[in-house]
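Before any comments, here is the structure.
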There are 2 protein chains.
Amino acid sequence: MELLKNRIRQDGTKIGTEIVKVDSFLNHQIDIKLINEIGKEFARRFKNDNITKILTIEASGIAIACITSMYFNNIPVIFAKKTFASNMEGDFYCAKVRSFTKGTVSTIRVAKNFIQSNDNVLILDDFLAHGEAATGLAEIVRQAKANVVGVAIVIEKQFQGGGKKLRDQGLRLESLAVIREIKDGQILFE
Amino acid sequence: MELLKNRIRQDGTKIGTEIVKVDSFLNHQIDIKLINEIGKEFARRFKNDNITKILTIEASGIAIACITSMYFNNIPVIFAKKTFASNMEGDFYCAKVRSFTKGTVSTIRVAKNFIQSNDNVLILDDFLAHGEAATGLAEIVRQAKANVVGVAIVIEKQFQGGGKKLRDQGLRLESLAVIREIKDGQILFE
């Protein structure tokens, strides 16, 4: 998606050779017009897949999932929770997810009543790095005996191996911008 | 907002006398059509206030803020972060916020470059309970020497005092559903 790649080139901040910060338009401040274009593009790629729900994870995925849903006829969005609160009761599907940027392992949870076995679920997230979050979300969908239609990613950092990890599980992956390498302060797209 | 109150009556789960769970449509699974109506209503109430940015806090506020922005001509949405990650660098405005449901105190952060002194900021959140999050967000806007236009809340739990706390600071508060009391398993609206 050229619009997105140009925006990453223009406003993405490189930190070393592994991190691209896009917090001026994607995951701290959010450019709603850009997210609409992203939503339209995901809808174009998955338009024939009869998707019934979008599953993402807090926090940054929520913005993209909600606006994307508008291009899928307002299907429900579910976001997996990373922390446990006293008002959470009932049964949950759970998976363990490691965050490389935060240096933590957390249990992500989705209430059982929000995914049914006849759902066609699109997993969506802002970044794909090592593939930990998407793998955890796919595991949750499988626990619910529902169908994972595919994984929709805004920015894939190919050099961290998440894409291969997902495809090795037989998952369909659609990434709008694939970064092959960050080298000499340049972002090289696939 | 009658549509919202009816939905809370129909699908809200009461836990004791203090907690209303709305996770089937607002903060775990999200009903995008309803959020669009909420966004329209906020836009109606603040249409003459020349709002330039919407400030919310992760996680549940993000969905509502992003869709609401579409009714304010796609103005930028900023969400305050609750946790610190290794890819966060630069200067931040910070405030301490206590969460009564999670039993924790956290530091919320907004990068300094995303709020300018000439911004008219709308603070937005899903719930208003004790007013801690909204007060922290207002403090951050004041640190940036910007203007807080008001506080937009989907569900205010009046009996927990947050509304009074905000008005005592001179803030304009617009809540779409105000719960006076939860009594005998009934939600009583103001």
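The values are calculated or read from the model by the stated rules, or taken from the named source; none is laboratory data. As the structure is a prediction and not an experimental result, all values here were calculated from the model. Heads up, the Cβs are rebuilt from the backbone with ideal geometry, glycines too, and the neighbour counts pull from every protein chain shown. Protein only, heavy atoms only, side chains kept; ligands, DNA and RNA dropped before computing areas. Shrake-Rupley method; radii C 1.70, N 1.55, O 1.52, S 1.80 Å.
At a glance:
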| item | result |
| --- | --- |
| Every residue from the range A:79-95 that is over 16 Å from the mean Cα position of the chain (by Cα) and modelled with pLDDT of 80 or more | A:Thr83, A:Asp91, A:Phe92, A:Tyr93, A:Cys94 |
| First in the range B:168-180 and closer than 20 Å to B:Ile19 by Cα, second anywhere and modelled with pLDDT of 95 or more and assigned to a loop (DSSP other than H, G, I, E, B), Cβ under 8 Å, 6 or more apart | B:Leu176/B:Met1; B:Ala177/B:Met1 |
| Strands (runs of 3 or more DSSP E) enclosed by the range A:61-122 - at least 3 residues per element that are at negative phi and open to solvent by 10 Å² or more (accessible area, probe 1.4 Å) | A:92-99, A:104-111 |
| Residues being open to solvent by 30 Å² or more (accessible area, probe 1.4 Å) and in a helix (DSSP H, G or I) - total across the range B:161-190 | 4 |
| Residue match in the range B:23-40 (condition: in contact with a strand residue (DSSP E or B) (Cβ under 8 Å, 6 or more places away or on another chain) and over 24 Å from A:Ile115 (Cα atoms)) | yes |
| Any hit, the range A:135-143, residues being within 14 Å of chain B (Cβ to nearest Cβ), open to solvent by 10 Å² or more (accessible area, probe 1.4 Å), in contact (Cβ under 8 Å) with a residue 60 or more places away in the chain and not in a strand (DSSP E or B) | no |
| B:Asp49 being within 28 Å of A:Val110 (Cβ to Cβ) and part of a loop (DSSP other than H, G, I, E, B) | no |
| Residues located in the range B:64-81, provided they are closer than 24 Å to B:Glu132 by Cα and without any contact (Cβ under 8 Å) to a residue 60 or more places away in the chain | B:Ala65, B:Cys66, B:Ile67, B:Ser69, B:Pro76, B:Val77, B:Ile78, B:Phe79, B:Lys81 |
| Leading residue by the ranking (farthest from the other protein chains (Cβ to nearest Cβ)) among those in the range A:56-107 that are among the polar types (S, T, N, Q) and touching a Lys or Arg at 6+ places or on another chain (Cβ under 8 Å) | A:Thr107 |
| Among the residues listed as A:Lys96, A:Lys53, A:Lys47, the single one being without any contact (Cβ under 8 Å) to a residue 40 or more places away in the chain and basic (Lys, Arg) | A:Lys47 |
| Scan of the range B:10-46 for residues that are assigned to a loop (DSSP other than H, G, I, E, B) and over 18 Å from A:Cys66 (Cβ atoms), ordered by number | B:Gly12, B:Gly16, B:Thr17, B:Glu18, B:Phe46 |
